[in-house]
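Down below is the structure, laid out as structure tokens.
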Amino acid sequence: MATARDLLAIKGNDVYAIEEDRTVLEATQLMNSHQVGCAVVTETDSRAVAGIFTERDVLRRVVAECRDPETTTVGEVMTRRVVCCTPDTAIRELRKLSMERRVRHLPVLDENDELMGLISMGDINAWDLRDGQVTIRYMQDYIHGRM
């Protein structure tokens, strides 16, 4: 059974993080420059996960509330209740978590609650597509006697 660890082995462990005392403008510039939909928010003086800042947070808590992105801090508008997983979480459980909790990004935390990586719904879909293509290839080889 494939796990978050397997997905990260292919995808990589890059995570874009920003401290909670940084501005929304800085966070969105970081996200735009790396073409990602979120940044993990860390506590100002440590690498501990304090929250997550997503495109949805920008729309709901900044734009819709007419906040100034140059003066509003990420800590004021981030999502505090972060849905996380472990490296051993099965990919089917990641999909279930994402759908049930209506989140598109799942930070992966190790046994010490340290950030190992980030898995998005797009990553899960790409894994499923790759897995389906492998199955099709095996089936074609079996049907055509190439096994």
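Taken together, the values in this text are just the output of simple stated rules run on the coordinates, not laboratory data. Just so it is clear, the structure is predicted and the values come from calculations on it, not from any experiment. Glycine also receives a Cβ, built like all others from the backbone with ideal geometry; neighbour counts cover every protein chain displayed.
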Radius 14 Å from Cβ of GLU76, net charge of other residues (Lys, Arg +1; Asp, Glu -1): -3
Selected from ASP21, ASP128, ASP45 as most flexible by GNM, with the chain as the system and alpha-carbon contacts under 10 Å: ASP45
Loop trypsin sites (Lys or Arg not before Pro), region 1-87, which have at most 13 other Cβ atoms in a 10 Å radius of their Cβ (DSSP): ARG47, ARG80, ARG81
Scaled radius of gyration (Cα, divided by 2.2 N^0.38 Å) that the chain gives: 1.23
Computed [θ] at 222 nm, helices only, for the chain once each DSSP H run of length n ≥ 4 contributes -39500 (n - 2.57): -12000 deg cm²/dmol
Global geometry of region 1-83, whether rounded, prolate or oblate, following the gyration tensor of its Cα atoms and the 1.5 cut on a/c: prolate
Gyration tensor (alpha-carbon) shape descriptor, region 13-58, a/c threshold 1.5: prolate
Whole-number percent relative contact order across the chain, with pairs defined as alpha carbons under 8 Å at least 6 apart: 25
Nearest 10 degrees, 0 to 90: helix 91-101 Cα axis against the chain principal axis: 40
Positive minus negative residues near ASN13 (Lys, Arg vs Asp, Glu; Cβ under 15 Å): -2
